[in-house]
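S.K.: This structure is in structure tokens; I'll ask about it shortly.
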Amino acid sequence: MRKARGFTFLELMVSLALGMLVIGAGVKIFSQGVDATWVVSQKAEMQQDLRAVQTLVTKDISLAGAGLISGQGIALATSGTSPVIGCDQLGVCPPNGAIKYPCAPGGGCVPTLYGIMPGPAAGIAAPGSPTKTDTISVVYSDTFLALNCYSATFVKPGNTVIFTGPVNPPPGTCIMPPGLTYPQPLDSKAVGLQPGDLILFTNSVGSAVGEVTNVAGAGGNPPSYTITFADNDPLKINQSGQSNDLTTISGFTVKTPNGPSTTGTVANRISVITYFLKVNPDPAGLTAGTPVLMRQVNGLTAVPAAENVVNMQFTYDTYDTAGDLLNESNDPGQAGTVSLNLIRKINIAHLAIRSQMAGTRSALQATNGYQGYDVQTSISARNLSYQNRYTFGP
């Protein structure tokens, strides 16, 4: 009988080494494929988020000044307390505190609402960055709520207004959004007025802005609503008896009970939209937290526009008092020497976003830390440019 023979020890070791080599190479290739997929998916997510937030910011900036008084700033009431931007009904303000309205050029400081209100270095520095971010506030009229179809009647002393609806069908002067046959109810939970909304009133006496503090429906046909603009509102807009407050255009000034008569009062809801960065802390305390770009409308609660935004810087093309063009200025009048109405172009110098996770688990470029994208673009402030150029001159 033939004697059966197995593998020698040397043959076994060689085959084992070759097998491990093949398996190791396969695992390496698979691991690199997984890492590449992870890196690419993070890049795609960053691009999508950055594109979405860039579109949102660009759209808001492009509307700056729309529906406001042509090419003019709107003076706000102030005494010992100045009106602020960015605080909600619960008193929550941006991380660096409430943002103040800019002063009108000239002596003293009259807080003024402009179509664009820059905030150079007024924001926070994102984790890992020594540079403070900018804030920006843009203002335009809300064309969705047909508030101007209602007649507005001031109640003495002027910080309460009764809005009365038009007849049905409304007259041709009532301009409504497409698809509507009658203005929306002002107490609607979806589109109606709510505490924190800002209303611009204009009549034969002048213009003034008030912050809604209470909304009450009185019913009837046509419908009637009582809107209160009480003092001590979160944004400090309502200051009864002070210059530029609602009481000064109501016809019932505090100092002169039989004040000037008012005619043709028109009201529009305006949107003061502010972008700023904040950091949401890490519940586990393992990282410095997640930087978030916030979008706030008037005195309502700020909502996240995009996570992991780590930088936001703006520059502006404007004119100085001599009429000279200032390209890419960081402070276009915030110091109080140049009117913010002379801004012609807004440049997004940096809008940067990072990946959701650091690349510590990747064998590719992500091992160096977070991935990131940075975009730059320019937006024309056409509502300011055209109004100033053709209505009020250069």
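The numbers here are math on the coordinates, done by the rules we state, and not lab data. Not measured: the values here are computed from a predicted model. All Cβ positions, even for glycine, are placed from backbone atoms using ideal geometry, and neighbour counts span all protein chains on display.
S.K.: Which listed residue (130, 238, 80) has the Cα farthest towards the positive end of the charge dipole for region 47-392, taking +1 on Lys and Arg C-beta and -1 on Asp and Glu C-beta about the Cα centre?
M.R.: Going by the Cα projections, it comes out as 238.
S.K.: Can you show me the helix-derived [θ] at 222 nm for the chain, built from DSSP H runs with n ≥ 4 at -39,500 (n - 2.57) apiece and divided by the number of residues, rounded to the nearest 500.
M.R.: Helix contribution divided over all residues of the chain: -5500 deg cm²/dmol.
S.K.: Still on this structure, please answer the following. State, as an integer percentage, the relative contact order of region 21-176 based on alpha-carbon contacts under 8 Å between residues 6 or more apart.
M.R.: 17
S.K.: Taking θ as phi - 60°, what are the ³J(HN,Hα) couplings along region 300-309 by the Karplus curve (6.51, -1.76, 1.60), each to the nearest whole Hz, with x for Gly and Pro?
M.R.: Each residue of region 300-309 in turn: 8, 5, 5, 10, x, 9, 6, 8, 6, 7 Hz.
S.K.: If you don't mind, another one. Using only Cα atoms, tell me the angle between helix 9-62 and the longest principal axis of the chain; keep it within 0 to 90° and round to the nearest 10.
M.R.: 10
S.K.: Projected onto the charge dipole of region 47-392 (+1 at Lys/Arg Cβ, -1 at Asp/Glu Cβ, origin at the Cα centre), which of 63, 171, 47 gives the Cα projection farthest towards the positive end?
M.R.: Going by the Cα projections, it comes out as 171.
S.K.: So, one more: Hey, what did the chain get for relative contact order, percent, Cα under 8 Å, at least 6 apart?
M.R.: Over the chain, the number comes to 19 percent.
S.K.: Taking amide H positions as placed 1.01 Å from N in the peptide plane, with prolines and chain starts having none, which residues 5 or more places from residue 377, or on another chain, fall under 5 Å of its amide H?
M.R.: Those qualifying (amide H under 5 Å, at least 5 residues apart or on another chain) are 348.
S.K.: If you put +1 on each Lys and Arg Cβ and -1 on each Asp and Glu Cβ, how big is the dipole of region 47-392 around its Cα centre, in Debye rounded to 20?
M.R.: Approximately 220 debye in magnitude.
S.K.: Out of region 1-89, which chymotrypsin sites (Phe, Trp or Tyr not before Pro) are coil in DSSP terms and have no more than 13 other C-beta atoms within 10 Å?
M.R.: Answer by residue number: 7.
S.K.: I've got another one for you. Using amide H atoms built in the peptide plane, which far-off residues or other-chain residues are under 5 Å from residue 306 H to H?
M.R.: 293
S.K.: To continue, here is another question. Skipping prolines and chain starts, which residues have an amide H placed within reach, meaning under 5 Å, of the one on residue 369, given they are 5 or more residues away or on another chain?
M.R.: For residue 369, the qualifying residues are 359.
S.K.: Put +1 on the Cβ of every Lys and Arg and -1 on every Asp and Glu Cβ in the chain; which of 350, 275, 139 then has its Cα farthest towards the positive end of the dipole?
M.R.: Sorting the options by dipole projection puts first 350.
S.K.: Which label belongs to the value computed from this structure, given these candidates for Rg/Rh (Cα atoms, Kirkwood Rh): (i) 0.95; (ii) 1.20; (iii) 1.10?
M.R.: Read-out taken from this structure: (ii).
S.K.: Considering only the other residues whose Cβ falls under 15 Å of the Cβ of residue 282, what net charge follows from Lys and Arg at +1 and Asp and Glu at -1?
M.R.: Cβ neighbours under 15 Å give a net charge of +1.
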